[in-house]
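The values are calculated or read from the model by the stated rules, or taken from the named source; none is laboratory data. Quantities reported herein were computed from a predicted structural model and do not represent experimental measurements. Cβ: placed from backbone, ideal geometry, glycine included. Neighbour counts: every protein chain shown.
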């Protein structure tokens with residue numbers, strides 16, 4: 001039967017149409033111009049040495065351990081599609097270096113122990129950095145200054161001071177920089193950002209997310225020691241870099257995730273998977289205003305790092321993000337972003353996001369759902385975006401502006417968790433302060449903080 005219109009239903013539809021139009025006009029008036037165009041992925045002028053559209057990109061790999069080989073294997077399968085050549089490899093451990101060289105069929109002259117020798121190669125256009133975290137900054141800076149484009153695994157750097165050095169070097173050199181957080185390629189986060197920028201969910205209020213893993217009785221991030229490793233075939237003191245020197249310790253080399261000397265634990269290794277995409281979804285990633293974090297180490301006590309972490313970040317716009325992580329229980333928080341008019345609900349395993357109006361706004365807004373059949377967390381897609389942007393001059397999705405904002409939050413969270421402080425950040429001066437205005441220097445390789453009590 002065909003539906004008939006009544007005066008009451010016609011009036012309701014007219015009212016909904018009027019409210020939608022009013023909301024659209026209000027958003028157009030109140031939204032700054034720079035927010036009306038997507039901040040990430042937009043066109044920009046190519047850097048001075050951008051390759052021609054048909055040119056092949058020569059790639060070097062710095063760090064060929066587990067994650068480095070993951071990149072090498074993935075990109076070997078996309079050589080033709082991405083129009084790249086895997087030209088050189090570098091690692092401090094001969095066994096890893098020879099395995100990568102053999103897998104790619106490279107010559108001895110294409111394999112290096114020292115990343116600086118690889119960067120001297122004039123034919124290398126770009127590098128993939130998959131080292132221990134305390135080498136992310138130096139390798140990135142050296143590569144940028146050598147005229148190479150950089151894809152660096154997350155976290156951006158070990159400490160905040162280094163992150164700003166990388167950021168400033170990217171700006172100075174004009175090279176393409178990508179932070180290796182592949183969830184940023186998932187279309188659900190970009191659809192959410194589109195809805196937010198259009199004013200569909202109103203003013204952002206708060207969001208939540210998590211990255212949690214089930215309890216591993218052998219210990220999360222504890223890996224067996226390779227009996228072949230020794231001081232003759234592994235350049236131990238170079239691997240330490242700026243970390244205070246200790247005698248050769250293969251347990252530290254193979255299970256470095258357990259120690260604050262080399263990484264920040266959950267904050268640097270798990271939370272970026274959620275934090276970078278969540279910041280993208282806000283439509284206008286900001287530097288934090290205030291950050292507080294807590295962490296406990298009560299289950300897996302054979303390490304420096306905590307096994308459960310809660311991070312709370314407040315931004316100048318009034319948005320607050322709550323992101324949690326655990327390595328001893330996999331039941332996390334659903335990913336949700338709340339506005340005062342509507343709420344966004346993200347699927348954890350699919351490229352799907354739902355927009356549901358809040359009570360009081362159902363006359364103005366319709367519920368919406370976005371579905372993309374593409375799989376989530378595609379590391380190959382992020383690499384392809386990196387290579388495409390080298391050629392086109394476009395800004396990559398997971399670019400340095402997103403990286404520095406997320407890294408500021410994460411580094412302040414580590415300081416808060418380990419020092420027991422709530423910290424405020426001034427993006428104009430890059431200063432970190434307590435609530436009473438006391439300036440707190442960012443922690444670095446020389447900072448000594450006792451591990452949390454058991």
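Brief remarks on what is shown
- Filtered by the rule that a residue be assigned to a loop (DSSP other than H, G, I, E, B) and touching a strand residue (DSSP E or B) at 6+ places or on another chain (Cβ under 8 Å), region 261-281 gives 265, 270.
A quick yes/no check of all residues on (1) modelled with pLDDT of 95 or more; (2) assigned by TED's automatic domain parsing to the domain that holds residue 240; (3) in contact with a helix residue (DSSP H, G or I) (Cβ under 9 Å, 6 or more places away or on another chain):
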residue: 41; (1), (2), (3): no, no, yes
residue: 75; (1), (2), (3): yes, no, yes
residue: 78; (1), (2), (3): yes, no, yes
residue: 86; (1), (2), (3): yes, no, yes
residue: 92; (1), (2), (3): yes, no, yes
residue: 99; (1), (2), (3): yes, no, yes
residue: 102; (1), (2), (3): yes, no, no
residue: 111; (1), (2), (3): yes, no, yes
residue: 114; (1), (2), (3): yes, no, yes
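- Test: residue in region 148-171 that is surrounded by 23 or more Cβ atoms within 10 Å (Cβ to Cβ) and out of contact with any helix residue (DSSP H, G or I) (no Cβ under 7 Å at 6 or more places or on another chain): no
- Among residues of region 259-285, those that are within 20 Å of the chain's Cα centre (by Cα) and more than 21 Å from residue 346 (Cα to Cα), counted: 9
- Residue check for residue 285: under 19 Å from residue 412 (Cα atoms) and surrounded by fewer than 19 Cβ atoms within 10 Å (Cβ to Cβ): no
- From 380, 403, residue being surrounded by 15 or more Cβ atoms within 10 Å (Cβ to Cβ), under 18 Å from residue 278 (Cβ atoms) and at pLDDT 95 or above: 403
- Scoring residue 328 on the criteria (1) surrounded by fewer than 20 Cβ atoms within 10 Å (Cβ to Cβ); (2) closer than 26 Å to residue 219 by Cα; (3) under 20 Å from the mean Cα position of the chain (by Cα) leaves a single failure, condition (3).
- Near pairs, Cβ below 8 angstrom, 6+ apart or cross-chain, from region 234-255 (on the phi < 0 side of the Ramachandran plot and not assigned by TED's automatic domain parsing to the domain that holds residue 113) to any residue that is at pLDDT below 95 and part of a loop (DSSP other than H, G, I, E, B): 244/446
- Note on region 82-169: enclosed strands (runs of 3 or more DSSP E) holding 2 or more residues that are touching a strand residue (DSSP E or B) at 6+ places or on another chain (Cβ under 7 Å) and closer than 22 Å to residue 275 by Cα are 126-129, 149-153.
- Criterion violated by residue 302 - all others in (1) under 30 Å from residue 399 (Cα atoms); (2) assigned to a loop (DSSP other than H, G, I, E, B); (3) out of contact with any strand residue (DSSP E or B) (no Cβ under 9 Å at 6 or more places or on another chain) satisfied: (1)
- Hits in region 433-444 - residues which are in contact (Cβ under 8 Å) with a residue 24 or more places away in the chain and in contact with a strand residue (DSSP E or B) (Cβ under 7 Å, 6 or more places away or on another chain): 440, 442
- Check on residue 192, part of a helix (DSSP H, G or I), closer than 24 Å to residue 125 by Cβ and touching a strand residue (DSSP E or B) at 6+ places or on another chain (Cβ under 6 Å): no
- Some residue of region 184-204 being more than 25 Å from residue 395 (Cα to Cα), surrounded by fewer than 21 Cβ atoms within 10 Å (Cβ to Cβ) and in the same structural domain as residue 339 (by TED's automatic domain parsing): yes
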